[in-house]
Amino acid sequence: MDSLKITGGTPLEGEVRISGAKNATLPILAATLLANGPVSIANVPHLRDVTTIIELLGHMGAAVTIGERMRIEVNPTTLRHCRAPYELVRTMRASILVLGPLLSRFGQAEVSLPGGCAIGSRPVDLHVAGLKALGADIHVENGYIQARAERLRGARLVLDTVTVTGTENLMMAAALADGETIIENAAREPEVVDLAAFLNAMGAGVTGAGTDTIVIAGVEALHGTDYAVLPDRIEAGTYLVAGAITSGLVRVKGVRPEHLDAVLIKLRASGADIVIGEDWIELDMRGRRPRSVDVRTAPYPAFPTDMQAQFAALNVIADGVGTIVETVFENRFMHILELQRMGANIRLQGNTAVIRGVDHLTGAPVMATDLRASASLVLAGLVAEGDTTVRRIYHIDRGYECIEEKLELLGARIERVSG
Ligand code: EPU
C-alpha cells in the first residue's frame, strides 16, 4: 500500500493548476446514462473515484472510451442491465448517483445500499423518498434498493435536509419524468449547478439550480453532447491552505474564485493577503504565522465540510485558539487524533474541536480513513519538523489528482513510497 513521505519545513511558493471537480464529475458521468446517444466529457480529473464510476458504467454495459487528457466518451445505448453491485458501491458511496438516471431512463434500477462509511451514517432515505414521490415503486431486498417505474411523474419534493447527491439524483430522475418537478430546500452547491447545466446541454429543462428551489420540466428524451466539468473548489482551497500553513505564496490557476468565498473569508481572517483574478487566486502568508480562525460548516454558500479538516490543520499551528464546529456530518473528526500524535493541542467535544495553536509540530507516521482527513495530515506534514509518513493514501488518490507532483512543483519535499 502506497504512502506519502513528507519532510516538513519548506514554505511553498509557486503556482498550481486546479483539476476538474470530483464532485461534479461523478454526477455528470452518472447523468450520461440519460442520453440517447454518445456524450463526451472533458476536464475530468484522473482520480480513483472517477475510475470507480467509469467501471460501474462499463459493468452495466455502457461503452466508455477514455481519450487524451481524460476526455471521457460514454455511449449508454449499449446498456445490458441496471444493476450496481455491492462490490463497487461499497468502495464509493457516490455510486448511488446512478439510481435516479437508471430508473428514469430504463424504468428499473437495482443499486446496492451503500451502508456505513467513515464520516458518519450517511443514509440515502431522502433519495428514496423523493423517487417514491415521483411514482417509483421501491423496496429494499438483500441489501439492494430495487426500483421500478413505468414513467416517473413530476411532483413537488420538499427535502427535509439539504443533501447534495440527493438533490442531484432527484434532478436527474425528474429530467425525463412526465410533467414538472419542483425540488424545495435543494442543495445550492456549484456542483449541483454544473450538473444542471450539463442536463440542459443534453436538452433538459432545469431552472433555478444554485437557489434552494429547482424546477425541472420533464422532457421525452435527452441527446448526446460535449461538456467540460467545472474546476474543483475543494482542491483549490486545499492548496491555498498549504500556502497559508507553510507561510508561503501560492497561486491556484484555472479556478472559479466566486466558489471559494467562504474559504477566502477565513483565509483572510487568518492573516493571509489574497489577490483574486478572473480565474486565479493568490495567497501570500510569507514571513508570518497564521492566526487561528473559527469555522462552522454548513451547506453552500457557507463554509464547506470538505474544507473542515484542512482548517483544523491550519489552526493546529496558528497563533491563538480556534474552534471548528462540524454540522453536516456527525463523525468527521478522524484527523484530530492523528494530528494530536504530531503534537497538536485539541479538545474534542461532540461536534466541536477546540484547537490551541502550538508553535511547532513533529513528524510522525499517521493515517486516516477518509479523503479530506488524509489531506489535512499531508498539510500538517508540510509544516512539521522532520518526516511524516501518511499511510493509506488511496483515500487521497480518490480526490486529489497528482498530489505529490503538484506539491513538489510548489517546492514541497514529498515522495510516494510504494509497498
Ligand atoms: N442525509 C440524510 N439523508 C439522505 C441524504 C443525506 O440524512 O438521504 C444527510 C447526511 O447524513 C448528512 C447531510 O444529509 O448529514 C448532508 O449529506 P449530503 O447528502 O449532502 O452528502 P453527500 O451528497 O453524500 C456530498 C459530497 C461530499 C460532501 C457532502 C456535503 C459528492 C459525491 N459527495 O456528499 O463530498 O462532503 O456532499 O457537502 O458530491 C468529499 O468530497 O470528500 C465528500 C465527502
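Take the residues of segment 360-387 that are part of a loop (DSSP other than H, G, I, E, B) and modelled with pLDDT under 95: which is surrounded by the fewest Cβ atoms within 10 Å (Cβ to Cβ)? Walk me through how you get there before you give the answer.
Restricting attention to segment 360-387, the residues satisfying the condition of being part of a loop (DSSP other than H, G, I, E, B) are 360-361, 363-364, 368-370, 384, 386.
Still in the running and modelled with pLDDT under 95: 368-370.
Values: Ala368: 25, Thr369: 14, Asp370: 21.
Across segment 360-387, the extreme among qualifying residues is Thr369.
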Given (1) free of Cβ contacts under 8 Å to residues at least 60 places away in the same chain; (2) within 16 Å of the ligand (Cβ to nearest atom); (3) part of a loop (DSSP other than H, G, I, E, B), index of the condition Ile53 fails: (3)
Over segment 62-89, the set of residues out of contact with any Pro (no Cβ under 6 Å at 6 or more places or on another chain), at pLDDT below 95 and open to solvent by less than 90 Å² (accessible area, probe 1.4 Å) is Gly67, Met70, Leu88
For Ala174, work out the one condition from (1) assigned to a helix (DSSP H, G or I); (2) within 15 Å of the ligand (Cβ to nearest atom); (3) of a type in the set (A, V, I, L, M); (4) more than 30 Å from Ile336 (Cβ to Cβ) it doesn't fulfil. (2)
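Look through segment 56-70, keep the residues that are part of a helix (DSSP H, G or I) and in contact (Cβ under 8 Å) with a residue 24 or more places away in the chain, and return whichever of them is nearest to the ligand (Cβ to nearest atom).
Leu56
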So which residues in segment 103-131 are farther than 12 Å from Ile145 by Cα and either more than 11 Å from the ligand (Cβ to nearest atom) or modelled with pLDDT under 95 (or both)? Ser104, Arg105, Phe106, Gly107, Gly116, Cys117, Ala118, Ile119, Gly120, Ser121, Arg122, Pro123
Can you tell me which residue in segment 316-339 is least open to solvent (accessible area, probe 1.4 Å), limited to those that are within 16 Å of the ligand (Cβ to nearest atom) and acidic (Asp, Glu)? Glu326
With the structure loaded, tell me whether Met342 is of a type in the set (A, V, I, L, M) and open to solvent by 30 Å² or more (accessible area, probe 1.4 Å) or whether it fails that test. no
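The values are calculated or read from the model by the stated rules, or taken from the named source; none is laboratory data. Since the structure is predicted, the reported quantities are computational estimates derived from the model, not experimental observations. Glycine gets a Cβ as well: all are built from the backbone with ideal geometry, and neighbour counts include every protein chain shown. In case anyone asks, the SASA skips ligands and DNA or RNA and just uses the protein heavy atoms, side chains included. Shrake-Rupley method; radii C 1.70, N 1.55, O 1.52, S 1.80 Å.
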